[in-house]
Amino acid sequence: MRTQRRPLALRKAFIDSSAFLSLVNPHDVHHAEARVIWTRLTGEHWRTFTSNFVVAETHALFLARIGRQRAASFLEQINTSATLVLRVTLPDEQAATAIVLRYDDKDFSLTDATSFAIMRRLQIPSAFTFDKNFSQYGLPVLTDADHQASQQ
């Protein structure tokens, strides 16, 4: 069967800390799904992005959950990977603060809100995350079901 693929302009995804952790931690509940999504992103040559705030958050998560060595390795690998690390700008921070303050019924972290602002500013259409806050904000989240549907 023929695989349906997104147009090249839409093959962009923002990677959140939860996806990074799930990818490398075989004990994570989302590990298998993360591997399927990552295989799709790399196999279809998607452009992947993250932010310096997400890198800092991911490093802290790795330190707390899987140890110093994996945290240090992450920092080395992210700088040589194809994933572009975007710097959070002052307007991104201002937009993120406005998001956090506007949604008093949600627990959006400042890091998540800066991710939302960056995705909007750069028109990145999809998030690779297991954090429910992205979908609560209204952003499309990649799932392994997306991959299965494209294979039919």
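No lab work stands behind these numbers, since they all come straight from the coordinates. Just so it is clear, the model here is predicted, and its values are computed rather than measured. All Cβ positions, glycine included, derive from the backbone under ideal geometry; neighbour counts span all protein chains shown.
The residue list L139, H59, H45 was ranked by how far each Cα lies along the charge dipole of the range 11-150 toward its positive end, using unit charges on Cβ atoms, and H45 comes out on top. Taking other C-beta atoms within 10 angstrom as a stand-in for reagent exposure, H31, H59 fall in the order H31, H59, fewest first. Only helices enter this figure: runs of n ≥ 4 DSSP H residues, each worth -39500 (n - 2.57), summed and divided by the residues of the chain, yield -16500 deg cm²/dmol at 222 nm to the nearest 500. Going through (1) 19.3; (2) 16.8; (3) 16.0, the figure that equals Kirkwood radius over Cα pairs in Å as computed for the structure here is (3). Per-peptide packing, taken as the mean over residues of other Cβ atoms within 10 Å, places 12-25, 88-101, 128-141 in the sequence 12-25, 128-141, 88-101 from highest down. Extending 7 Å from the Cα toward the beta-carbon at both L101 and Q77 defines two label points whose distance is 3.9 nm. Dipole check for the chain: with +1 at the C-beta of Lys and Arg, -1 at the C-beta of Asp and Glu, and the Cα centre as origin, the magnitude is about 560 Debye.
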